[in-house]
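Engineer: Quick one: the structure is below, and I'll ask about it shortly.
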Amino acid sequence: MIKVQSILVIVLGIFLMPKAGWADRAYVTDSFEITLRSGPSIQNRVLTMPTSAQAVEILDTQDTWSHIRLVGGPQADMEGWVLSRYLVSRLPWKLQSESLEKNNALLAEKLAVLEKEYRETSNREKELVRDLQKEVTALKKLKTDYESLKSGAANYVKLKAEYDKTSTALGAIQKKAQELTKENDGLKFSQRNKWFATGAAVLLIGLITGLMLGRREKKRKSLYY
């Protein structure tokens, strides 16, 4: 019975060499077991029963029979005859299946490593996105602060110019006030002097007038006596 599995067929080349020298490589077909006989007929005795995927070297062929030598395994180098239809040049399904299973296991290991690296990379990417968002937020805040400082600086320059202008005007006003105060003090002093002089003059005139009236009164009295 031939067991067929749906897997990739790997074709091996068959080397054509002289029979006396190199031998062709083949494999026991996908049947579970075949008989290796001492001669090219079913009447010859059975030497052993190679299993599927047993590698052999084809030494000779006669009609439907092949003279082979077993390659590898516990019965390596044993020679005998098998029906040619049980030999195939391709890699048997069993070996292909084992090879694919091995490759599948290696791929599964690599996939696990890649998944781990992907998770690590994904987590790192999320961290970088969070850091980037923080940087963007900080940059926006910095820009807002800068615009605020820039506006404040412009207002400061404007206010300083107005302050300097006001200070200059205030200094001029204070200077003028000092001058007016000084002038007012001078006027007050002059006014006091005038009032003092006027009062003194009034007193002097009153005194002179009193003296003159007193003399006149004395003269009048002396006339009567």
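Engineer: May I ask you to verify whether Leu114 is modelled with pLDDT of 80 or more and either part of a helix (DSSP H, G or I) or in contact with a His (Cβ under 9 Å, 6 or more places away or on another chain) (or both)?
Structural biologist: yes
Engineer: For the range 97-108, state whether one or more residues are surrounded by 10 or more Cβ atoms within 10 Å (Cβ to Cβ), touching a residue at least 60 places away in the same chain (Cβ under 8 Å) and either in contact with a Gly (Cβ under 9 Å, 6 or more places away or on another chain) or not hydroxyl-bearing (Ser, Thr, Tyr) (or both).
Structural biologist: Checking the range 97-108: at least one residue is surrounded by 10 or more Cβ atoms within 10 Å (Cβ to Cβ), touching a residue at least 60 places away in the same chain (Cβ under 8 Å) and either in contact with a Gly (Cβ under 9 Å, 6 or more places away or on another chain) or not hydroxyl-bearing (Ser, Thr, Tyr) (or both).
Engineer: Within the range 39-83, count every residue that is aliphatic (A, V, I, L, M) and touching a helix residue (DSSP H, G or I) at 6+ places or on another chain (Cβ under 8 Å).
Structural biologist: 1
Engineer: Does Lys143 qualify as being at pLDDT below 85 and either of a type in the set (Lys, Arg) or out of contact with any helix residue (DSSP H, G or I) (no Cβ under 6 Å at 6 or more places or on another chain) (or both)?
Structural biologist: Against the criterion (at pLDDT below 85 and either of a type in the set (Lys, Arg) or out of contact with any helix residue (DSSP H, G or I) (no Cβ under 6 Å at 6 or more places or on another chain) (or both)), Lys143 qualifies.
Engineer: Being over 18 Å from Asp24 (Cα atoms), in contact with a Phe, Trp or Tyr (Cβ under 9 Å, 6 or more places away or on another chain) and surrounded by fewer than 13 Cβ atoms within 10 Å (Cβ to Cβ) is the filter here; which residues of the range 50-77 pass it?
Structural biologist: If the condition is that a residue be over 18 Å from Asp24 (Cα atoms), in contact with a Phe, Trp or Tyr (Cβ under 9 Å, 6 or more places away or on another chain) and surrounded by fewer than 13 Cβ atoms within 10 Å (Cβ to Cβ), then no residue fits.
Engineer: Output the number of the condition that Leu83 fails; it satisfies all remaining conditions of (1) without any contact (Cβ under 8 Å) to a residue 12 or more places away in the chain; (2) touching a Phe, Trp or Tyr at 6+ places or on another chain (Cβ under 7 Å).
Structural biologist: Just one mismatch for Leu83, condition (1).
Engineer: Which of the strands (runs of 3 or more DSSP E) contained wholly in the range 1-107 include at least 1 residues that are hydroxyl-bearing (Ser, Thr, Tyr) and at pLDDT 80 or above? Quick ask: steps written out before the conclusion?
Structural biologist: Working: elements: 24-28, 46-48, 55-62, 65-71, 79-83.
Passing ranges, in order: 46-48, 55-62, 65-71.
The values are calculated or read from the model by the stated rules, or taken from the named source; none is laboratory data. Remember, it's a predicted structure, so these values are computed and weren't measured experimentally. Please note: Cβ atoms are built from the backbone with ideal geometry, for glycine as well, and neighbour counts cover all protein chains shown.
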